[in-house]
Every structure is written in C-alpha cells, then in structure tokens.
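Below is one structure, written out as structure tokens; comments come after it.
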Amino acid sequence: MRFRLLAGYMRQSSALTADIGVPRGVPVPAGGDHRSARDRGHRYRAIFVSDIHLGTRGCKAEYLLDFLRHNESDMLYLVGDVIDGWAMRNGFHWPQAHNDVVQKILRKARKGTRVVYVLGNHDEFGRQFVGLEFGGISLADQTEHRLADGRRLWVVHGDLADGVILHAKWLAYVGDQLYDAALWLNRHFNALRARLGLGYWSLSAYLKHKVKNAVSFISSFEHVLAREARRHGYDGVLCGHIHHAEIRDVDGLLYCNCGDWVESLTAVVETLDGELRIVRWSEILSPGEPVPHWSEAEPAPVDRPAVSTAGGERTLPMEVTT
C-alpha cells in the first residue's frame, strides 16, 4: 500500500512513463551529458551506488545528493536497496532530501545518463516490473557492464548469496530491526562528534568489522558471488548488500562492492581510462543548494575555491582508493 502511495507521488512529480527496458545480460551503451570539465566536476565512464535505503532515518541522502551534484557519468547503476520497502511497512519516513535524490537521478536520466536500477531485497517489490523503464530508468534483476578494456562485470545486488535472506527471511527482519538500533546509536554518536567539530565516522561499521562472525560472513559472501560470476562466464562481479566497499581479487576473479549510503558513504566508479576506484564522500560540499525539478533547466554553475592540501589543491571532498 505504501509503495503504491509513493509511486503515485513520484508519478505526479515526475511524469513517469513505461516502456521495454534493457534485457538482462545485455551491455548498457554509453551516453550522457558532455559538458566542460569546469562545469561538471568529475566525470566517469560509470558510477555504481547501492544500499541507499531511502525511506529510513539512517539514509544519508544529503551526502548522496552532494555526490551526484559533483559527479557525472555516462552510466549510472543503482545496485539495489535504493528504496527500503521493509522499513516503510512500519512507517512512512520520506523527508525532502529523499525526494531530492529521486529528482536528481531522474534529471540525470533525462539529460542522457543511462540509468539502470538493479533491484535488491529491500526493494524487492519492484521485481514485478523487471524489464520495464520508468522515467528513463531501466529496472533489472541483474545486468552486465563492460569495462573499457572489454572485461564483463556481472552487476547484481547480492542478496542471492545471503543464506539468511533465502532460507530464514524472518531472521533477516529481526536482524534488520537490530541494525536500525545500531544506526540510531550511530546517528546520535555522530551528532556529538559534529558538536565537537569532528567529521562523520561510522561507529556501526567499525563495530561490525570488529566482530569475528561478521568478518567471516563477508568473506563467505564474496566467495559465493565470485563463484557464481565465474559459473555464468563473467570476468568479475559488482554488488552491494553487505555495506562494505571493496575492490579485490577473489579466487582469481574481480570482486567489487560499492558499499552504502547509510554507514560508509561510498561508491565505485570507472574512470574514463577504465580504472575502477572506490570513492568515499564524507563531506558535503554544497549544503542547502536547491534541487530543481527533473524537467527544469540546470542552474548556472558556481565557481568554488580549491582547498589547499599537503599534496596540492583539491576541489571535491572525496577520498579515492583503488
């Protein structure tokens, strides 16, 4: 019922239309908005984001919105758990920042970015629409991305490798409630850090990766997905689900996880030269900047001073790892 209300709201504000989308397993062609480097900030061949969890209090929508403002790409992959249908069963939390993220993504699609929404377990309500296109966004259960060097990545949310999701879903719901409690603690912990003039740091992510069983689960998850990607004939896999960003070799196969926008504030990007990187966006560069409706004209770019660092100057608040 809440999904129908949300869908109706998005239709009214965005005039969504339906059509046949990208078939499963077919590479997504490049396209996009080719503005000058001064106007666009960073430009990538592809951007991958997952586990945004719009509709929850833990979602860091303001950070994601700032990231999307300052980074353009030919292809944008939303790798599951974008809208949290599980949380919305218990209450409707949809502040303006969450709607702004939706508007920004629709705007990118309208301006030529190829947007593919790969559905996950928290937004599984959308799997009935796989193969359709809404507002220029293609819905898929899984898809393929070809890197610049020709390697084929299997893009999938990753819940298929989670035994709890597959065989004990009730336990997953219990775990989700406990996770929300940890995020509540994390939110108040970071509010205190902000008052002390300190930046964002994820207490919940730190605790998770210090627990032996959690580390063991992450390792098993990675190996299961790598094995499945090899079985399907891919050169690598790109996923989300476990909220742990990573790019590494697993059993001789490329494994990439784009993290989340609840704890770690990360994305995976493919540069124009074909290099894969993890971007961590832990600072908002343009707080309070208005978001135009997806069909409105782009506001004029604002020149922003570079920030001096030990290594020279930077203009964007990000940490990049390869």
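Looking at HIS209, HIS232, which is the one that is at pLDDT 70 or above and under 24 Å from VAL79 (Cβ atoms)? If you could, list the steps in order and put the result at the bottom.
Numbers: HIS209 fails: at pLDDT 70 or above.
Selected residue: HIS232, the only one of HIS209, HIS232 that is at pLDDT 70 or above and under 24 Å from VAL79 (Cβ atoms).
List the strands (runs of 3 or more DSSP E) inside the range 64-165, counting only whole elements, that have at least 2 residues being open to solvent by 20 Å² or more (accessible area, probe 1.4 Å). Working first, answer last.
On the way: elements: 71-79, 114-118, 132-134, 137-140, 143-146, 152-155.
Hits in the range 64-165: 114-118, 132-134.
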Candidates GLU319, GLU296 - the one that is open to solvent by 70 Å² or more (accessible area, probe 1.4 Å), over 23 Å from ILE137 (Cβ atoms) and modelled with pLDDT of 60 or more:
GLU319
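The values are calculated or read from the model by the stated rules, or taken from the named source; none is laboratory data. Predicted, not measured: the structure shown is a model, and the values here were computed from it. A quick note on method: Cβ atoms are made from the backbone with ideal geometry, for glycine too, and the neighbour counts reach across all protein chains shown. Surface areas here come from the heavy atoms of the whole protein model, side chains and all, with no ligands, DNA or RNA. Shrake-Rupley method; radii C 1.70, N 1.55, O 1.52, S 1.80 Å.
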